[in-house]
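Below: one structure, written as structure tokens.
The values are calculated or read from the model by the stated rules, or taken from the named source; none is laboratory data. Since this is a predicted model, take the numbers as computed values, not measurements. A quick note on method: Cβ atoms are made from the backbone with ideal geometry, for glycine too, and the neighbour counts reach across all protein chains shown.
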Amino acid sequence: MKRNPTTALAMTLGLMACAPVLARQGGPATVSATPDSAVAYARLARLALESDIVLDVTVRSAVRIAPAEAPGLAAGHVRLYVTADVGALIRANGPLPARIGYLVDIPFDPRGRAPNLKRQRVIAFARAVAGRPDQVQLVTPDAQFAWDPTLDRRVRDVVREVIAPEAPPAITGIGNAFHVPGTLPGEGETQIFLKTASGNPVSLLILRRPGEARRWALSLGDIIDEAGGAPKPDTLAWYRLACGLPDALPEASLQSQEDANATLAREDYAFVRESLGRCENGEAG
């Protein structure tokens, strides 16, 4: 039996109107009109962590929603109900139908018209809609990107990191921190223990050696060791620290330290934060 598109649209609007993710983010997702190969790693990591579905789809049709039926729609945008053919499941907890639907907000083109999405290939970060296997919900207003092979490869790499059993846990705070001076002038070590969402131990070790550049290492486990070194940029371990650590070492972490050692511990923590760089579009993770 042929499905009535008006009925499907009405059901989807009702489901999305009460969806907490869209309410928190201020509206349905925004689709980019151009390839996004250079999107920041932190942004991709955040979206991959928030999604249980990552899709490679091709838009089959897009029906415009009247502004009166599109609460929260940003100025200069149009809301569409998109029907798309699934080309590949990059991440999913189970099978999906060959065709799905979802809501998306997109900006008008320079002529003030709604862009034509038909036949566009996109990568979408989404969540399932309870009771509607043929519907998905994009997780943030910017959780959909125009497909290109570079972006496709990067997204798949990020998803593999996120779902790996040994994936670094989310950082929720800082526990104890202390600096131990060495026997030589300028020598010492700072250890900083991090709190995690999983409860798994994570710590930082910062080393000062006379005549050497200061260096630091991340330990994912009970053994605190410099062998692992600092995480490489644009990896999940880097993201967890760059986007999860506070700007400064909390005073509560240094309560047992003498003033001179506490000062060195703060300096070492600031060194780690500077080494990590900015968390661009990643928020706390």
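Name the single residue that is nearest to Val139 (Cα to Cα) among those in the range 85-102 being assigned to a strand (DSSP E or B) and in contact (Cβ under 8 Å) with a residue 40 or more places away in the chain.
Tyr102
Here is a list: Ala70, Ala88, Ala62. Which entry is surrounded by fewer than 15 Cβ atoms within 10 Å (Cβ to Cβ) and either more than 27 Å from Cys279 (Cα to Cα) or at pLDDT below 95 (or both)?
Matching residue, one of Ala70, Ala88, Ala62: Ala88.
Cβ contacts < 7 Å: first residue free of Cβ contacts under 8 Å to residues at least 60 places away in the same chain, restricted to the range 264-279; second residue buried (at least 19 other Cβ atoms within 10 Å of the Cβ) and in a helix (DSSP H, G or I), any location; separation 6+ or different chain. Result?
Leu276/Trp238; Leu276/Leu241; Leu276/Ala242; Gly277/Ala242
From Asp134, Asp105, Asp109, which residue is in a strand (DSSP E or B) and either out of contact with any Leu (no Cβ under 7 Å at 6 or more places or on another chain) or surrounded by fewer than 19 Cβ atoms within 10 Å (Cβ to Cβ) (or both)?
Asp134
Looking at Arg79, is it assigned to a strand (DSSP E or B) and crowded, with 19+ Cβ neighbours inside 10 Å?
Yes: the conditions hold for Arg79.
Restricting the search to the range 100-117, which residues are within 23 Å of Pro149 (Cα to Cα) and in contact with a Lys or Arg (Cβ under 7 Å, 6 or more places away or on another chain)?
Scanning the range 100-117 gives no hits.
Rundown of residues vs (1) closer than 15 Å to Arg266 by Cα; (2) more than 21 Å from the chain's Cα centre (by Cα); (3) surrounded by fewer than 17 Cβ atoms within 10 Å (Cβ to Cβ), yes/no style:
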| position | (1), (2), (3) |
| --- | --- |
| Pro181 | yes, yes, yes |
| Gly186 | no, yes, yes |
| Glu189 | yes, yes, no |
| Lys195 | no, no, yes |
| Leu220 | no, no, no |
| Ala242 | no, no, no |
